[in-house]
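Asker: Okay, here's the structure, questions in a sec.
The values are calculated or read from the model by the stated rules, or taken from the named source; none is laboratory data. None of the values given here were measured: they were computed from a predicted structure. Here the Cβ is made from the backbone with ideal geometry for all residues, glycine too, and neighbour counts use every protein chain on show. With ligands, DNA and RNA removed, areas are computed over all heavy atoms of the protein, side chains included. Shrake-Rupley method; radii C 1.70, N 1.55, O 1.52, S 1.80 Å.
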Amino acid sequence: MKHKNQVFDNLLDLIGHTPLIKLNKIASKFKGNFYAKVESFNPGHSSKDRIALYIIEQAEKKGILTPGDTIIETTSGNTGFSIAMVSIIKGYDCVLAVSSKSSADKIDMLKTMGAKVYVCPAHVSADDPRSYYQVAKRLHEEIKGSVYINQYFNKLNIDAHYNSTGPEIWKQTEGKITHLVACSGTGGTISGTAKYLKEQNPNIKVIGVDAFGSVIKKYHETREFDEKEIYPYRIEGLGKNLIPTATDFDVIDEFVKVTDEESAHTARLIAKSEGLFVGYTSGAAMQAIMQLGEDGEFKKEDNIVIIFPDHGSRYMSKVYSDKWMNEQGFFDSKNEAAAQNIQY
Ligand code: PMP
């Protein structure tokens, strides 16, 4: 980090070096020590700052990008925000094709950050010309001098985390980490981090978190793409209806699936128990911990690192809205207390 007396040349110098924060309450009924790698401390409030900066700087090094060029991406929001932020500082145009599943807050934020946003239907197949993949591909062909980041199929996504998130966690845990638990979307975070950590200690157990409605877990187990696994779900940024090449399935030991409803309640519980205001997938990752803990996965001496990918402020109209929770039927079943805003 290039800084003196906490004065920085620009925001980019603040990317990475996020804190590892001990979770003292939420998992206290389980054996083991639980630590969250809180990625909302990045200046763009998510882990995606790391890949935006890394991939853009790799393209600059290869002479592919020069100021004034256009950067194109498909994104559920966070990557778009990070690319838009890096583009402003480095002088690029940013064009984003996003899923209609993304929250209105996220889309407004991208526009605020100067990006040109195309909203594409979420529930069409990846090869449909209306899908955000196809829209981005078409824009890349049409816009001269454009670079398509293509985070799901770009191995540099893995390298970004191999070079930053992995070494940070190794250092922060003084090499004592025993488990890594992380959501898998593009798979870049878990793959790059796991690859680095397993090179230091192959015994570290790496557990991916997937959504019901996604093909990732089944693919990991069978190496076959099973279309029957696919159906709509609400968590943004987790799981997939295709197999991303930015996922290195060989460095992941197992996947755990979590539901929309339990992940939403667990995200709310993280705020209420730890004072950490994080996003929906942080709730999903923590929900996986709850399930693994119930199954007796952890021992007293274990040091479990959980990645919390982004900040809660991006979900005010969703998980952190009682109205939204009610509309999903998430207050109907076991969590009546939450509906009345009773303390957990
Ligand atoms: N959480 C959120 C909120 C995300 O936007 C993403 C990225 N799609 C992830 C988790 C998963 O990270 P990765 O793409 O590196 O697997």
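Asker: Using only helices, what value at 222 nm comes out for the chain when you add -39,500 (n - 2.57) per DSSP H run of length 4 or more and divide by the total residues, to the nearest 500 deg cm²/dmol? The partial results should precede the final answer.
Answerer: Numbers: 12 runs with 123 residues, N = 344.
So the calculated ellipticity at 222 nm is -10500 deg cm²/dmol.
Asker: Still on this structure: Dipole magnitude of the chain about its Cα centre, charges +1 at Lys/Arg Cβ and -1 at Asp/Glu Cβ only, in debye to the nearest 20?
Answerer: On the way: 41 positive and 44 negative charges, 126 e Å.
The calculation lands at about 600 debye.
Asker: May I ask you to rank HIS17, HIS311 by accessible area, largest first, using a 1.4 Å probe over the protein chains only?
Answerer: Values: HIS17 110, HIS311 50 Å².
So, going from the largest accessible area down, we get HIS17, HIS311.
Asker: Continuing with the same structure: As a test of reading the structure, rank THR112, THR18 by solvent-accessible area (1.4 Å probe, protein chains only), most first.
Answerer: Values: THR112 115, THR18 0 Å².
Accessible-area ranking of THR112, THR18, largest first: THR112, THR18.
Asker: Which ³J(HN,Hα) values, rounded to whole Hz and listed in residue order, are derived for the stretch 256-261 from phi using the Karplus coefficients 6.51, -1.76 and 1.60 in 6.51 cos²θ - 1.76 cosθ + 1.60 with θ = phi - 60°, glycine and proline given as x?
Answerer: The phi angles translate into 10, 9, 10, 8, 4, 5 Hz.
Asker: Right, another one. Explain nothing, just compute: Karplus ³J(HN,Hα) = 6.51 cos²θ - 1.76 cosθ + 1.60, θ = phi - 60°, for every residue of the stretch 15-32 in order, whole Hz, x for Gly and Pro.
Answerer: Using θ = phi - 60°, the values come out as 6, x, 6, 7, x, 9, 10, 5, 8, 9, 10, 4, 10, 5, 6, 9, 6, x Hz.
Asker: Long-range amide H contacts for CYS94: which residues qualify at under 5 Å (H placed 1.01 Å from N, peptide plane, sequence gap of 5 or more or a different chain)?
Answerer: For CYS94, the qualifying residues are ILE71, LYS116.
Asker: If you find the alpha carbon centre of the stretch 1-49 and of the stretch 285-301, how far apart are they in angstrom?
Answerer: If we compute the Cα centre of each part, the gap is 22 Å.
Asker: Excluding ligands and nucleic acids, what accessible area in Å² is computed for THR186 using a 1.4 Å probe, to the nearest 10?
Answerer: About 10 Å², ignoring ligands and nucleic acids.
Asker: Antiparallel as a % of all DSSP beta bridges within the chain, to the nearest 5?
Answerer: On the way: 7 of 40 bridges.
Bridges in the chain are about 20 percent antiparallel.
Asker: Of the cross-linked pairs LYS272/LYS300; LYS61/LYS155; LYS155/LYS218, which ones have a Cα-Cα span greater than 20 Å in the structure shown? Don't jump to the answer; show the numbers that get you there.
Answerer: Details: LYS272/LYS300 25 Å; LYS61/LYS155 16 Å; LYS155/LYS218 22 Å.
Over 20 Å apart, Cα to Cα: LYS272/LYS300; LYS155/LYS218.
Asker: Further question on the same structure: Any idea of HIS45's accessible area? Nearest 10 Å², probe 1.4 Å.
Answerer: Its accessible surface works out to 80 Å², give or take rounding.
Asker: A further question follows. In debye, nearest 20: dipole of the stretch 259-320 around its Cα centre with unit charges on the Cβ of K, R (+) and D, E (-)?
Answerer: On the way: 6 positive and 10 negative charges, 68 e Å.
Roughly 320 debye, rounded to the nearest 20.
Asker: Let me ask something additional. If I ignore ligands, DNA and RNA and count only protein heavy atoms, how much of GLU60 is accessible to a 1.4 Å probe, in Å² to the nearest 10?
Answerer: Estimated to the nearest 10 Å², GLU60 gives 60 Å².
Asker: Leaving out ligands and nucleic acids, note down the accessible area per residue over the chain with a 1.4 angstrom probe, in whole Å². Write down the numbers at each step before the final one.
Answerer: Values: 14710 Å² over 344 residues.
Value for the chain: 43 Å² per residue.
Asker: Separate question: Students sometimes get this wrong: rank TYR132, TYR118 by accessible area, probe 1.4 Å, all chains present, largest first. Please report the intermediate quantities before stating the final value.
Answerer: On the way: TYR132 30, TYR118 70 Å².
Result, largest first: TYR118, TYR132.
Asker: Let me ask something additional. Ignoring ligands, DNA and RNA, please state the percent of accessible area on the chain from carbon and sulfur, probe 1.4 Å.
Answerer: Numbers: 7320 of 14710 Å².
Summing carbon and sulfur atoms, their accessible area is 50 percent of the total for the chain.
Asker: Which of rounded, prolate, oblate describes the stretch 273-321, given a ≥ b ≥ c as roots of the alpha-carbon gyration tensor eigenvalues and a/c under 1.5 marking rounded, otherwise prolate only if a/b is larger than b/c?
Answerer: Numbers: a/c = 2.98, a/b = 2.26, b/c = 1.32.
It comes out prolate by the Cα gyration axes.
Asker: What list of ³J(HN,Hα) couplings, whole Hz, do you get for the stretch 262-269 from phi and the Karplus terms 6.51, -1.76, 1.60, once you set θ to phi - 60° and write x for glycine and proline?
Answerer: Coupling constants for the stretch 262-269: 5, 5, 5, 5, 5, 4, 5, 5 Hz.
Asker: Under a 5 Å amide H to amide H cut-off, with H placed in plane at 1.01 Å, what residues pair with ALA36 once short-range neighbours are removed?
Answerer: Distant-sequence amide H within range of ALA36: ILE21, LYS22, LEU23, ILE306.
Asker: Check VAL256: other-chain or 5+ apart residues with amide H under 5 Å from its amide H, H built from backbone geometry?
Answerer: Hits under the 5 Å cutoff: GLY208, VAL209, ASP210.
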